[in-house]
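Inspection log for the structure reproduced underneath, given as structure tokens.
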Amino acid sequence: MPDTDDLPASPFAPLRADVSRMRRSGLRHAINDVDKVIDLLTAAREQVAQDGDLNRIAMNMMALQSPVKARCEAITDDLKTVTKAQRAFGKALDKAMPERNIPMEADAMADYSRLINRAIAMHLLREGQFSVASTFLREIGEPQGSTTLQARSPPPASHVDSDGDDDMQTDDDAPNQDWAAEAQREDHLLQSDALQACFAEMYAILSDLKNRRLLPAINWARRHGKGLEAKGSNLEFQLCKLQYIWLFKGPAINGLPDDHLNGPRGASIYARNSLVRFQSRYAHEVQQLCCAMVYAPNIATSPYRQLFEIDSAFEDVALSFTREFCSLLGLSAESPLYVAVTAGAIALPRLIKYTTYMKEKKTEWTTENELAFETPLPGSMIYHPIFVCPVSKEQTTEGNPPMLIPCGHVISKESLQNIAKGSRFKCPYCPEEGLIKDARKISF
């Protein structure tokens, strides 16, 4: 197989200058000119409102014509500059990437149109585009049964009782308990109003988290505590912990009502009502939170300073919430369609270079149902493989990944370390020896 580093240079390199030029020709100048016109008109309106002399008003209106006209002409020039830059970039894009068909004996996805349509519809649902998903399903002729994919109003947010505790729904027969099982039935995913309602609820809670309101997310985690605990999730504790810290910071920071349920006192009440449930599992963390009360006047210089630095905490907990929410639905945290399209976009330039090279050399692509070379993908798109180590008989994990040793056999990282003597080891399945530094982590 040829080294892809020897293939022709990427066609995208010349586009960098055009991209920079287009970015410099943004709409900010036009926006500034529009703001100046608005300022001129606002000032004139105030002057007219204060001045009752019609002659002076007429003179001011006449004097206003020239500067407003000049600004409008400037806006037109700004838009012309932007349009010119966009057209130039379009021409450069067409020149750098002319339409070329990748030689394929057959369309690999031709027999999977239903799955592709399902992936598109699921992506639209995951993004909260319910009306678009409904239109898409209708146009591809997907049966929707008696349901329609239209946005539902999210469930009402919960509140805090006067004692500071969360007013949680704990009824095991609540309708929300059944949606995970229903959504996992592949044949009914797109027809399910429950699935749509779940995503509507997810986006409502994410909106609350963005606005630093934690109680709706805490209520959701409490209702689905059994499912989260079965998956080993600590989402509920992380949310309650952040709520405690948020209350501890007081009304000057969190903007909540200045009463006995806010500030260090409110945080203490919240801890007694909510954090006590986590003492057995998160004893050390709960102790730290409670001991921080002693340093309330000077928490910034206390040993617990880092614990109370939450600049990115709301963004982090929102990501955790999304991941756990989708996990209970039996779905990945990221849209499979997004991952597939992004991975394809990364692989496409390399594939085009390879096929061009093979065409010039008049050789054939001999691999079947797989790429002829490895495509480097970011770590977020490389998923942990399911592999049982032949030595330890245990399934590999992210901390104990499969390792390819120089002789070609694959064992787990822990097994490799166990059979190694210093920096050398002998393969347990053949007589060859090797160095640990020559083994490399692999993904299937």
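At a glance:
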quantity: In Å², nearest 10: area of Ile436 left accessible to a 1.4 Å probe; calculated: 60 Å²
quantity: Size of charge dipole - the stretch 267-426 - debye, nearest 20, with Cβ of Lys, Arg +1 and Asp, Glu -1, no other charges; calculated: 500 debye
quantity: Rel. contact order, % - alpha carbon contacts under 8 angstrom, at least six apart, the stretch 186-307; calculated: 13 percent
quantity: Accessible-area order (highest first, 1.4 angstrom probe) of the listed residues Ser412, Ser25; calculated: Ser25, Ser412
quantity: D (Stokes-Einstein, µm²/s), Kirkwood Cα radius, the stretch 254-313, 1.002 mPa s at 20 °C; calculated: 171 µm²/s
quantity: Rg and Dmax [Cα atoms of the stretch 278-342; Å; Rg one decimal, Dmax integer]; calculated: 17.8, 52
quantity: By accessible area with a 1.4 Å probe, ligands and nucleic acids excluded, highest first: order of Ile253, Ile218; calculated: Ile253, Ile218
quantity: Taking the stretch 405-444 and dividing mean pair separation by its residue count, relative contact order in percent (alpha carbons under 8 Å, at least six apart); calculated: 41 percent
quantity: His123 - accessible surface, heavy atoms, 1.4 Å probe, Å² rounded to 10; calculated: 50 Å²
quantity: Accessible solvent surface per residue of the stretch 262-305, calculated while the other protein chains remain in place, 1.4 angstrom probe, Å²; calculated: 59 Å²
quantity: Positive-end residue of Gly434, Ser412, Pro378, charge dipole of the stretch 284-440 with Cβ unit charges; calculated: Gly434
quantity: Rounded accessible area of Asp311 (nearest 10 Å², 1.4 Å probe); calculated: 130 Å²
quantity: Accessible surface of the stretch 403-443 [probe 1.4 Å, protein heavy atoms]: carbon and sulfur percent; calculated: 49 percent
quantity: Members of Lys36/Lys95; Lys231/Lys421; Lys226/Lys441; Lys69/Lys91; Lys210/Lys249 lying beyond 29 Å, as alpha-carbon distances in this model show; calculated: Lys36/Lys95; Lys231/Lys421; Lys226/Lys441; Lys69/Lys91
quantity: Additional length obtainable on full extension of the chain from Cys291 to Ala110, 0.36 nm per residue less Cα span; calculated: 58.9 nm
quantity: Heavy-atom SASA rank of Arg440, Arg21, Arg16, Arg212 (probe 1.4 Å, accessible area, largest first); calculated: Arg16, Arg440, Arg21, Arg212
quantity: Whole-Hz couplings from phi, Karplus 6.51/-1.76/1.60, listed for the stretch 197-207; x for Gly and Pro; calculated: 5, 5, 5, 4, 5, 4, 5, 5, 5, 4, 5
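The values are calculated or read from the model by the stated rules, or taken from the named source; none is laboratory data. Quantities reported herein were computed from a predicted structural model and do not represent experimental measurements. We place every Cβ from the backbone using ideal geometry, glycine too, and count neighbours over all the protein chains shown. Note: areas computed on protein heavy atoms with side chains; ligands, DNA, RNA excluded. Shrake-Rupley method; radii C 1.70, N 1.55, O 1.52, S 1.80 Å.
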